[in-house]
Structures are given as structure tokens and as C-alpha cells.
Amino acid sequence: SLYWSIYRPHVIVRHIYSLFLFVFFFLMIRRPPRSTLSSSSAASDVYKRQLLVLVWITVSSECCSHFLMNYTKVPYTLSVRTMDLGGSLEWTMHSFPRGLNSHVLGMAWTSKYGYVGFTPGTLQALNTRIPLDGLNLGLFSARDVVSDGLNEAGLSCGFLTLTEAKFEKLNPLKPNHNLFSYSVCKWALEQFETVEQVADALAGVQVWWGSKLHFALVDADQNMLVVEYLDGERQLRFDSNDDTHGFGIMTNEPAYDWQIRNVQHLEWKRTLARSAVSIPGNFYPDERFLRVHLMKQAIERTAQPVGYREAVAKAVAIVNTVTVPMGDIPGTDSGSGSGEGSGDHTQWGVIRQHDRSNATYLLRSQTNPSWRRIELGQLDLDQGSPIKSMQIEDDPWYLDVTNNFR
């Protein structure tokens, strides 16, 4: 009956659970911690920070590029990623040890692997820069949002914008199976070694919240998994990176399957008798996807590296072609009416070496173009070790070779 369709028990429970989350967040925004109750100005700051982190979670987008090199002459699995965003949000990098107990909006687990990852650091709003790192709303903290990371088993995970994404619905009857969409990478990096393990585990959870994201994962066996949620349905794509059915690349909208067909169409045009295919030059997602494909294909077919240094250098050459300068650059989704806001640009880029015995993260940032190396095997990731942090802009930004003349 119509009455029963509206008032089914599981629907009522879901509404109660959603109402609880809303009331909880509302109270967290209205009421400051006990230590601030005596100061109205301090309380106001707490209100603003808590409100802003909720708003940021709802509306922020990250237009980025991701690709996996297909090297056949050297035993290195290298993947590359950029983070493209307006200047409002800044990031902090952390090392997270094994054995952490995670609790994210009702879902709990204990980490099996240590890892390094980016989380929100500060947010520019209300004419000031608001600190987010360390902000804890009780059921959720800013460090639960891991935008990119690499664990000690060689598994990487990164989220990128997909404006057409629509996630699954909350299951209030199984609160420990509701995975917050902004915490998918945190969940994967802390618990899994291979993309197959992640794919299997996703079948047992409901990934929810209205974020506009999709996910790229790579493991030490050179396997790449793309995870998308379209019309509330989970879509898993194992990218073969064979230059025919998969190309080891992901950017943003449209969805992954459309991008693959677009590359295949480009390759068809290149077979024609009067082939005249230009290299796309804008920074929109489809053109970045095609540009990475053409550069990557040329290197993999004609200039396979013979050593580690050369392998990294050729990956850097490709990522340079999709690195967006600071400012309102033509051919980007920038401007007051855009999805990215003013000044959409590349905030940072990483090169990941997926190696179970020597997982390595190379990092550069918008005002520090020098590549800096993080060897996970040299970090203290043992259970009980503290979480440590690094500001990505603080290191020396050049190498002085004045005294190298002989």
C-alpha cells in the first residue's frame, strides 16, 4: 500500500539516522568545546571552523590528472598525480603508523599498514586563513579526508573530481558498513595491499555522501583500479594499461568509460589515410586525458627508459604537460562562475614508486618545484608511533650548485 511504502521500518530508521547526524553536526557547530565556553570570541572561531569544514566537504572539487607508466625495460612501477584547485585550500602531509583505530561517522577499523598522505591543512575564508588540520568534530576529523597517499605495501589511492558522481545510499541498519566517500582512500590505504582486495571489500560497504569524486588506485603489481559511483551504482574498472582497452590514465568528467572511448576514437582517426591529429592544448579534463595519452604512448613505444633516473625524468616530462600555472589561466575551469573558483591551478604533484620493499613518494608543490623524496621504509610507521606532519611548502626550493665548478 501507499502507506506502507512511505512508512516502511527501514525508511524510518534511515531518516532517524540521518536526523541524528544532522543534529549532531548542528550541535557541534553551535556549541564550542568546554575549554572555549568562557570566551565568546574563541567560541566564534570554533563555530566558523566547524561550519567551514562542513561546507568545504560539501562543495570542494579537485580537478586533477593521474597516470600509470607502462615501463617494460626497467622493474619500476611509477604512477603520477597532480592536485588542481583554486587557492582557498592548502594541504598538509602526514605519516600515519600502523595500528591506528579509525572511527569515521559510525564506521570503525584498525589500520594494518602505515602510509603517507595529504589531508586538508588550512582554508582561506572570511578574510582569514582557517586551520583545519587537527580539527575534530567527534565522529569525524579533517585527517579522515585523505586526498592522496601511498602505503608501505605499495598501494596508492587518490580521489579526483567527477561532477556526475552519485554515491550509494546510507544503510542505517548497518552503521559499520557506511563508508564516508571522502574517507575511501584512508580506508583503503590503512587496510589493503592490492587493488583486487579493495574491489572485493567495496562490495561489503555502502559508500555515501554527496561528494563529486571518483578514485584511482594502483598497486605494486602494476594493476590500476578506477572506482566510480554513477546513479547510485558502483562501477569498478580494472585498467589494463595495454594502450588498447585501457591507457593507465584518469582525469575528471566525463566518466572513465567515456574517456576511454574518446581515446579510442582519437586512435581511429590516426589510422586514416589523411591523418592530421593535433595534440590537445587546453587544461579541460578530456584534453588533459588525450595529451597524457599521446605523450605517454610515444615514450612507451619509442623511448623506454633503461634506469631509474631516466624513468622518473620521463614521468616528470609528461606531468609537466598537464601542470597548470597559478593565475586565471586560459583553457581551465577558472573564474567566478566556475566549479573550481578563481585561479584553478596545480597545487602539488606526486610521483609514486609502488614497491613493497621500498615504497617511495616524490613530491613537488606550487612554489617549491624541486622534487623531494620520501622513503616509507625510513619512516617510523610501527604501531604506537606518533602521527608526524610536514608542510609541503617549507623545504628549500632549489639546489645551490655554485660550488660544483671544478
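The values are calculated or read from the model by the stated rules, or taken from the named source; none is laboratory data. Please read all numbers here as calculations on a predicted model, not as lab measurements. Quick reminder, even Gly has a Cβ in these numbers, built from the backbone with ideal geometry, and neighbours come from all protein chains shown. Side chains are part of the model used for accessible areas, which takes the heavy atoms of the whole protein and leaves out ligands, DNA and RNA. Shrake-Rupley method; radii C 1.70, N 1.55, O 1.52, S 1.80 Å.
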Expected single match for more than 17 Å from the chain's Cα centre (by Cα), among the β-branched types (Val, Ile, Thr) and farther than 20 Å from residue 347 by Cα among 205, 195 is 205
With criteria (1) open to solvent by 30 Å² or more (accessible area, probe 1.4 Å); (2) touching a helix residue (DSSP H, G or I) at 6+ places or on another chain (Cβ under 8 Å), residue 261 comes up short on (2)
Being at negative phi, modelled with pLDDT of 90 or more and in contact with a helix residue (DSSP H, G or I) (Cβ under 9 Å, 6 or more places away or on another chain) narrows 312, 322 down to just 322
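With 331, 341, 335 as the choices, which residue is small (Gly, Ala, Ser), touching a strand residue (DSSP E or B) at 6+ places or on another chain (Cβ under 9 Å) and modelled with pLDDT under 95? Write out each step before concluding.
Working: 331 fails: touching a strand residue (DSSP E or B) at 6+ places or on another chain (Cβ under 9 Å); 335 fails: touching a strand residue (DSSP E or B) at 6+ places or on another chain (Cβ under 9 Å).
Unique residue meeting the criteria: 341.
Regarding residue 155, is this residue over 26 Å from residue 223 (Cβ atoms), among the aliphatic types (A, V, I, L, M) and surrounded by 20 or more Cβ atoms within 10 Å (Cβ to Cβ)?
On the way: over 26 Å from residue 223 (Cβ atoms): no; among the aliphatic types (A, V, I, L, M): yes; surrounded by 20 or more Cβ atoms within 10 Å (Cβ to Cβ): yes.
No: the conditions fail for residue 155.
Condition check: open to solvent by less than 20 Å² (accessible area, probe 1.4 Å), in contact with a helix residue (DSSP H, G or I) (Cβ under 7 Å, 6 or more places away or on another chain), modelled with pLDDT of 95 or more and over 20 Å from residue 165 (Cα atoms). Does residue 207 satisfy that? Walk me through how you get there before you give the answer.
On the way: open to solvent by less than 20 Å² (accessible area, probe 1.4 Å): yes; in contact with a helix residue (DSSP H, G or I) (Cβ under 7 Å, 6 or more places away or on another chain): yes; modelled with pLDDT of 95 or more: yes; over 20 Å from residue 165 (Cα atoms): no.
Spelling it out, it is not the case that residue 207 is open to solvent by less than 20 Å² (accessible area, probe 1.4 Å), in contact with a helix residue (DSSP H, G or I) (Cβ under 7 Å, 6 or more places away or on another chain), modelled with pLDDT of 95 or more and over 20 Å from residue 165 (Cα atoms).
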Taking the stretch 240-254 and keeping only residues that are in contact (Cβ under 8 Å) with a residue 24 or more places away in the chain and open to solvent by less than 10 Å² (accessible area, probe 1.4 Å), one is left with 247, 248, 249, 250, 251, 252
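For the stretch 102-144, list the strands (runs of 3 or more DSSP E) that sit wholly inside it and hold at least 1 residues that are at pLDDT 95 or above and more than 20 Å from the chain's Cα centre (by Cα); which are they? Reasoning before the result, please.
Working: elements: 107-110, 115-125, 128-131.
Filter on the stretch 102-144 gives 107-110.
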Q) Would a scan of the stretch 102-120 turn up a residue that is in contact with a Lys or Arg (Cβ under 7 Å, 6 or more places away or on another chain), hydrophobic (A, V, I, L, M, F, W, C) and open to solvent by 20 Å² or more (accessible area, probe 1.4 Å)? A) no
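Sort out which residues of the stretch 211-262 are of a type in the set (A, V, I, L, M) and under 24 Å from residue 71 (Cβ atoms), and write them in order of number. Walk me through it before giving the result.
Quick first cut of the stretch 211-262, residues of a type in the set (A, V, I, L, M) only: 213, 216-218, 220, 224-227, 230, 236, 249-250, 255, 260.
Listed by number, the residues that qualify are 216, 217, 218, 220, 224, 225, 226, 249, 250, 260.
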Residues of the stretch 234-255 being under 21 Å from residue 197 (Cα atoms) and assigned to a loop (DSSP other than H, G, I, E, B), in sequence order, are 240, 241, 246, 248
Scanning the stretch 59-101 residue by residue, those in a strand (DSSP E or B), modelled with pLDDT of 95 or more and open to solvent by 10 Å² or more (accessible area, probe 1.4 Å) turn out to be 95, 101
Note on the stretch 198-233: residues part of a helix (DSSP H, G or I) and farther than 21 Å from residue 147 by Cβ are 200
Condition set among the hydrophobic types (A, V, I, L, M, F, W, C), open to solvent by 60 Å² or more (accessible area, probe 1.4 Å) and in a loop (DSSP other than H, G, I, E, B), scope the stretch 267-298, selection farthest from residue 85 (Cα to Cα): answer is 273
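Can you pull out the residues in the stretch 352-388 that are hydroxyl-bearing (Ser, Thr, Tyr) and under 18 Å from the mean Cα position of the chain (by Cα)?
First, pick out the residues of the stretch 352-388 that are hydroxyl-bearing (Ser, Thr, Tyr): 357, 360-361, 365, 367, 370, 385.
Selection gives 360, 361, 365.
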Yes or no: the stretch 265-279 includes at least one residue that is in contact (Cβ under 8 Å) with a residue 60 or more places away in the chain and within 30 Å of residue 195 (Cα to Cα). no
Filter the stretch 169-197 for residues that are in a loop (DSSP other than H, G, I, E, B) and within 20 Å of residue 230 (Cβ to Cβ); the one that is least open to solvent (accessible area, probe 1.4 Å) is 170
